[in-house]
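Bear in mind that the values in this text are calculations on the coordinates, not laboratory data. As the structure is a computational prediction, the values presented were derived from the model and not from experiment. Cβ placement follows ideal geometry from the backbone for every residue including glycine, while neighbour counts extend to all protein chains displayed.
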Amino acid sequence: MDNIFELHDVTFAYNPRFPPILNGFSMNIERGVRTAILGCNGAGKTTFFNTLTGVNKPQAGEVLYNGEQIEYTKAGLMKVREDVAVVLQNPDEQIFCSLVEEDVAFGPLNIGLDREEVERRVDRALKDVRMVGFNRRPLQQLSGGQRKRVAIAGALAMQPKLMIMDEPTAGLDPQAAVEVMELAEKMALKGVTVLISTHDIDLAYKWADRSNVLLNGKIDFVGSSDDFYVNAENVYECGLLAPSIFNTNKEVSAIKKMDMAPFPHNMAEFVAKFGASKRSGKLCLVPTTVEDCVAKFEEMTKDVKDAAVGIYGSEVRFELLDRDIEFMFEGLESCFTQAVKGRDAILFYDEIYAPTIQKQIDRIKEFGFDLDYEVVA
Amino acid sequence: MTDGILKADKVVYSYSRKGPKVLNEMCIDIPKGKKTALLGCNGAGKSTLFSVLNALYKPNDGVVYYDGKSLTYKHKDIIKMRTDVSILFQNPNDMMFKPYVWQDVAFGPENLKLPKEEVQKRVDEALFTVGMEKYRESPIMKLSYGQRKRVTLAGVLAMEPSVLIMDEPTAGLDPQMAYEVMEIAEQLNSKGVTVVMSSHDTDLTYSWADEIRVLDGGKCMYAGAPEPFYSDHRMVQKAGLMRPSVFMMNKALSDLGRCDLEPFPKTQTQLAVKISDCADREFGKLYIVKVDRDVDIEPVLESNSLKGKSTGVYGISTRISLNRTGFVPDFYYNGPENCTMKCLDGHDAVLLCDPSMVATARSSVDFINSNGYGNITVQEIDPKA
Amino acid sequence: MSEQMEMDELAYSSRMVNWSPLGKLLFVLVLLIIGLVTKSLVVPLVTFTIGIILMAYSTNMKIPLILALAIGEAIIIMIIGSGMISIMGSADEPALWDAKFLWFTIHMTEVSFNNAWQIFVRAIAGVTLMLAFASSTPIPHLAHAFRSIHCPVEITELIVLIYRYAFLLLERFLTMLDAAQCRLGYNGSMTAMRSYAGAMAGTFIFSMELAEKSEAALACRNYQGYFPIYHPPKSMSIWWIIITVAFGVGLYFLGEYTEGWINMAKLMGPWFGWY
């Protein structure tokens, strides 16, 4: 296992007179794996993140980055912090400069990159969070959601190897939340290890490959989300509730006397398991780039009647924002659901997401459904 | 537009002279005694609307009505309105004024100039409702975010408002705490309080709200039942929202011909039953025991031969009684749904329920029975009868 | 929007924002000093005009309400102050106006009247020059300027941080006052005072918590002890020094030359019936 971080028996207390927040905490973060951190309020998530970035030095135990112990010297910490970026829940806690572009440039400038490189990174980061044109705006004027996107851009500009997001969708409206998760997916596809802590159980269930559940300063569970939620008592003890799709699957499986496994993680899989039609609709999967997406869109939607059209990925969405598209924000899930229901569907997506699409195809197959799909090159 | 308890008529508001109009000829009404969800993306004007409805901000144009009368913005009238209408702000730190928990909860009632005993009584009651009675003497600085949120809710409850406005009450809360907040909102409504909630969580509001109001660009773009809104994907997209998963699953399966579109299931249990075709099975029986705060649970279960069956709880007075007697139920959260599921599975279940919440507790079972998806016998038991 | 936000917005959208902050400061200070040093009334009138022109250019002729109010307030204070000076002339000189008001003796002489005018004009010249500077220089630029003259890093960074957090804390304070209103915190004057106190205490506590969290966040972002400026304004070039010296010297000699040209007492005498 290639672990980007390893924590062995870490104990940390802010104040020695009070009980430690992290108590014999051991955990491995695997490189490139989409990891979710779950746990009730006060379980120790923020302390844990601060331990990863070296802000908290544990009183006992060791923290290994890339297999080596973190040196708590200026140089040693900088080495870690160049590669680890944190996006906090409240953006005001981590935005320090007056203008948008200044704050995004703050991190890169601090590690001594030269001007052109910083400019490139700032422009790229602002483009990724869809805040192009906001460069010279003072931060006081921005709304909460916009500030959050600036904070994310600031983390992206560091081109980190590990990206930690504390409640990335909190405070964002649903469509903005979808875009943030698409961004997290893009980063994961680029090889960045993405660690998300959230109370949105449904979100974590859909997205994460691996879930870690914190309870009372220790890791209570590591593994796939399905294995965790099956144990209802443990879920309750950890201060959590099971995701709605999990519960519905459990209930319907019980009524129909079916096996709970395989567990559907999104609606397409749910419908494939319980309500699939005999014949699959034709699903056209169209990877696009910024340059050719409009042309492809025009061509593919020319002759279709009653096919569902969906979008996945912020670049193609930006180009087609003014078109009347049925599933502008839920493209991936919805197009697959429609196909499973027997309706034809066309999904346009940024080409970088090809592996994500393939993963969904494979998952649908696991439910025993013969999907009629074609990737249109 | 029907007349609600709070109404805005062509209200215009912008934060600065040259700034954009956050509320742009907003016409909206809040129905009395109902549970209303206010939906809309960031920047649509939800928080601003609350502030205008509560006379915090005076609109640049248009009229705000409370209980049929337009607001005069005179000090006395505003005070009177605020004794009836309370807002719970999203960020608990914005609402905390005193160093200790009980002092902060007492802030509102003290300002109402109530006698000391009444203030203390309300503080105790409110803290109990939110489950923070053990933290009465605790300094607020030591509390976590979720605990602070509960304390601010207690502070608002202590004012015993007839209209409660909540701005994103479950944001930042872990799922169990979020559920508790929703239960409190449900309980208040069963006592006749008008509850208005703004949220992004369309799943949560779908199962809870009677009606929705959707804001977009400073206007109210939709008012009424949730289903017609969610059925129009363009409207939903324009408003910056996503459709609730229960609604989507129902629609998906009805499009497939597996079931009819209506009646619309509001909870996962109702959805599960609707799509499962199990009308001819053996069902368990649901016992609803009305538990008041001074009822002892174990003896009641004994005398009605209900021991050994699965138990769930629902409602504040039940939880108070639980606390007092130390009884441990099987389902601490989502009592009604879990008990209903047990019955569908063929087992009996006992729901210990606050007397004022029985109707809500029965809603899923009534949905199942009245639509012919199943036949679960319900027996209501009143220990005091 | 709070006034602080408006000033901030103003500075960033000024036409003069990219001029060297040190250069601007030097220029403004030198003009101020010359106006104080010379005895002529012409010089402060000239510097006042320069101040007005710079302000008009900086804000593109759209002087916002807050600036207008600031100037108005300053003028009123000056008038009152100068007025006091003008009526407290030396008893050895002949009076233009002698009167008694309650227990107060009014003794306005030519010297005191002219003095008052001089002080008034110098003062409003100072106000317009400083406002021209403030309305075109955001605080971070100023801090950057101080840093470049090797002012201790701790002081300059402190200025920037105070500036940044002042906004946040003000926002928080105002929101808490709103929340107090909703809980009837203004129901009576004692209650209102308690609400204010509570809001202040709450803001203070918030600032402490924010400080703690920000410390961690700064560390994570590799804070090196100073805030780098992404688009630094131009540093002071030799031209600023040349222009400033030129103006300074020119105004000084103008002052010498025009000393005594304007005698406000004699100018306004006919209106009041003096002389």
With label points built 7 Å along Cα→Cβ from the Cα atoms of B:D366 and A:M1, find their separation and express it in nm.
5.1 nm
Tally Lys and Arg at +1 and Asp and Glu at -1 over the other residues with C-beta under 12 Å from the C-beta of B:I79: what net charge comes out?
+4
Mind pulling up the Rg/Rh value for the stretch B:33-167? Radius of gyration and Kirkwood radius, both on Cα.
0.99
Report, to one decimal in Å, the Kirkwood hydrodynamic radius for the stretch C:152-220 based on all distinct Cα pairs.
13.5 Å
Which whole number in µm²/s is D for the stretch B:18-111 by Stokes-Einstein, with the Kirkwood Rh taken over Cα pairs at 20 °C and 1.002 mPa s?
139 µm²/s
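About the Cα centre of chain A, what is the dipole size in debye to 20, counting +1 per Lys and Arg Cβ and -1 per Asp and Glu Cβ, all else neutral?
Using only the charged Cβ atoms, the result is roughly 460 debye.
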When the convex hull of its Cα atoms is projected in every direction, mean area for the stretch A:276-375 (nm²):
5.7 nm²
Take chain B, drop everything but the C-alpha atoms, weight them equally and run the Debye formula without solvent; then report log10 I(q)/I(0) at 0.10, 0.13, 0.14, 0.15 Å⁻¹ to two decimals.
-0.71, -1.15, -1.28, -1.39
Give me log10 I(q)/I(0) at q = 0.22 Å⁻¹ for the stretch B:286-381, Debye formula, one equal scatterer per alpha-carbon, no solvent.
-1.07
Among residues other than B:A8 whose Cβ falls under 10 Å from its Cβ, what is the net charge (Lys/Arg +1, Asp/Glu -1)?
-1
On a 0 to 90 degree scale, rounded to 10, what angle separates helix A:174-189 from the longest Cα axis of chain A?
80 degrees
All lysines inside 27 Å of A:K282 as judged from Cα atoms, apart from same-chain residues fewer than 8 positions distant
A:K186, A:K206, A:K273, A:K296, A:K302, A:K305, A:K341, A:K359, A:K365, B:K251
Mind listing P(r) for the stretch C:84-181? All alpha-carbon pairs, 10 Å bins, whole percents.
13, 21, 18, 16, 20, 12, 0
What residue among A:P264, A:P108, A:P138 shows peak mean-square fluctuation when chain A is described by a Gaussian network model with Cα springs under 10 Å?
A:P138
Taking every Cα atom in chain C, find the radius of gyration and the maximum pairwise distance Dmax, and write them in Å.
24.3, 76
Filter on B:K46/B:K80; B:K76/B:K219; B:K238/B:K266; B:K32/B:K219; B:K35/B:K74; A:K45/A:K161 - keep pairs with C-alpha separation over 26 Å:
B:K76/B:K219; B:K35/B:K74
Per GNM of chain A with C-alpha springs under 10 angstrom, the most fluctuating residue out of A:R124, A:R17, A:R136 is A:R17
Residue-averaged [θ]222 nm for chain A, counting only DSSP H segments that reach four residues, each worth -39500 (n - 2.57)
-11500 deg cm²/dmol
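Under a point-charge model restricted to the Cβ atoms of Lys and Arg (+1) and Asp and Glu (-1), what is the dipole moment magnitude of the stretch B:286-381 relative to its Cα centre, in debye to the nearest 20?
Around 80 debye, computed over the stretch B:286-381.
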If each of C:L65 and A:S143 carries a label point 7 Å out from its Cα toward its Cβ, how far apart are those two points in nm?
2.4 nm
Going from the alpha-carbon gyration tensor of the stretch C:1-153, what semi-axes, largest first and in whole Å, does one get by taking the root of 5 times each eigenvalue?
36, 17, 13
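Which whole number gives the average, over all residues in A:87-96, of C-beta atoms from other chains lying within 10 Å of the residue C-beta?
So the per-residue partner count for this stretch is 6.
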Could you point to the residue in C:L129, C:L254, B:N250 farthest towards the positive end of the protein assembly as shown's charge dipole, with +1 and -1 charges on the Cβ of Lys/Arg and Asp/Glu respectively?
C:L254
Using Cα springs under 10 Å in a Gaussian network model of chain A, which residue among A:L215, A:L109, A:L203 shows the largest mean-square fluctuation?
A:L109
Explain nothing, just the number: dipole magnitude of the protein assembly as shown about its Cα centre with +1 on each Lys and Arg Cβ and -1 on each Asp and Glu Cβ, in debye rounded to the nearest 20.
1900 debye
Helix C:189-220 axis, angle to chain C major axis (alpha carbon atoms, nearest 10°)
60 degrees
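Which GluC sites (Glu not before Pro) in the stretch B:91-147 pass both tests, a DSSP loop state and at most 14 other beta-carbon atoms within 10 Å?
Sparse-neighbourhood loop GluC sites (Glu not before Pro): B:E137.
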Work out the P(r) tail for chain A: percent of alpha carbon pairs separated by more than 28 Å, whole number.
50 percent
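To the nearest 0.05, what FRET efficiency results for A:A354 and A:K305 with a Förster distance of 30 Å applied to their C-beta separation? Provide the component values of the computation, followed by the final result.
Numbers: r = 28 Å, r/R0 = 0.92.
Step by step, r from the Cβ atoms, then E = 0.60.
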Counting every Cα pair in the stretch C:1-78, what percent are over 22 Å apart?
33 percent
Summed over the other residues with a beta carbon less than 15 angstrom from that of C:G89, with K and R at +1 and D and E at -1, the charge totals -3
Excluding residues on the same chain fewer than 8 positions from B:K121, give the lysines whose Cα lies under 17 Å from its Cα.
B:K113, B:K134
Can you pull out the trypsin sites (Lys or Arg not before Pro) in the stretch C:166-275 that DSSP calls coil and that have at most 15 other Cβ atoms within 10 Å?
C:K234
So, how do all the Cα-to-Cα distances of the stretch A:48-90 break down into 10 Å bins, in percent, from 0 on up?
27, 59, 14, 0
Candidate aspartates and glutamates - alpha carbon under 12 Å from B:K142, same-chain residues fewer than 8 apart omitted:
C:E209
Alpha carbon convex hull of the protein assembly as shown, projected area averaged over orientations, nm²
50.9 nm²
Work out, in µm²/s and without decimals, the Stokes-Einstein translational diffusion coefficient of the stretch C:36-89 at 37 °C, 0.692 mPa s, Rh from Kirkwood over C-alpha pairs.
251 µm²/s
